[in-house]
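Enquirer: Next up is a structure, given as structure tokens.
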Amino acid sequence: MGMPDFKTPLGMAIVGNTQAIALKEEIMRSEFVVHNSEVSVVELRQAWFREYQSLGNAKETCARFGISRKTFYKWLKRFKNSGGNPTSLADLPRTPHHSPRRTSDEIRALVLEIRTITGFGPRRLGKELKQQRGIQLSERTIWKIIRTSAPIPVTSSILHSDFSLGTANKVPTSA
């Protein structure tokens with residue numbers, strides 16, 4: 001007992017999963033790919049609904065396009081709730097609309113200013129902010145602020161020191 005046979009819009013019989021994949025590729029080539037451009041997700045989802053209207057069967061439609069019924073019904077609900085607006089079929093951004101606990105821009109600027117002046121790392125910056133300014137931030141938060149900002153130039157470092165034989169150890173000064 002295998003999968004039932006389906007007829008494609010192009011008259012090809014579909015027997016198994018391999019043929020369903022072939023059908024999906026064939027439909028994309030024949031209907032949606034124009035001048036070798038990619039098929040947009042909106043056009044593909046609209047094709048699901050056109051196929052669903054012609055078949056009247058969500059299970060067959062999903063099998064033909066290789067999607068789950070849960071996905072199909074999610075997009076169908078979104079499409080109907082928008083009144084049939086095709087823009088509702090586009091993927092929505094996953095970024096949050098609001099971040100109430102985000103560190104304020106003023107504090108971020110202060111962290112970067114102190115870092116530029118002192119060259120301290122996250123642990124020492126946290127202590128400095130708490131003692132001098134009364135601001136408590138975790139090391140991780142300070143590290144994220146530093147990481148997302150532009151790098152500051154290193155003015156003096158042990159990596160840039162002159163340790164050659166016969167000379168005194170000198171740490172370069174900024175010019």
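Enquirer: Ranking Arg78, Arg147 by Cβ neighbours within 10 Å, fewest first, what do you get?
Expert: Working: Arg78 14, Arg147 9.
If I rank by nearby Cβ atoms, fewest first, I get Arg147, Arg78.
Enquirer: Which ³J(HN,Hα) values, rounded to whole Hz and listed in residue order, are derived for the range 59-65 from phi using the Karplus coefficients 6.51, -1.76 and 1.60 in 6.51 cos²θ - 1.76 cosθ + 1.60 with θ = phi - 60°, glycine and proline given as x?
Expert: Karplus-based 3J(HN,Hα) across the range 59-65 equals 4, 5, 4, 5, 5, 5, 9 Hz.
Enquirer: Fewest first, what order do Ile117, Ile142 take by the number of other Cβ atoms within 10 Å? Provide the component values of the computation, followed by the final result.
Expert: Numbers: Ile117 9, Ile142 26.
Lowest to highest Cβ neighbour count: Ile117, Ile142.
Enquirer: I need two numbers for the range 105-151: Rg to one decimal and Dmax as a whole number, Cα atoms only, in Å.
Expert: In order Rg, Dmax, the Cα atoms of the range 105-151 give 9.2, 26 Å.
Enquirer: Output ³J(HN,Hα) for the range 66-75: one whole-Hz value per residue in order, computed from phi by the Karplus curve 6.51 cos²θ - 1.76 cosθ + 1.60 with θ = phi - 60°, and x for Gly and Pro.
Expert: Calculated HN-Hα couplings, in order: x, 10, 7, 5, 4, 5, 4, 5, 4, 6 Hz.
Read-outs throughout are calculated quantities, based only on the coordinates presented, and are distinct from any laboratory measurement. Fair warning: this is a prediction, and the values are worked out from it, not measured in the lab. Note that we place each Cβ from the backbone using ideal geometry, even for glycine, and neighbour counts take in every protein chain shown.
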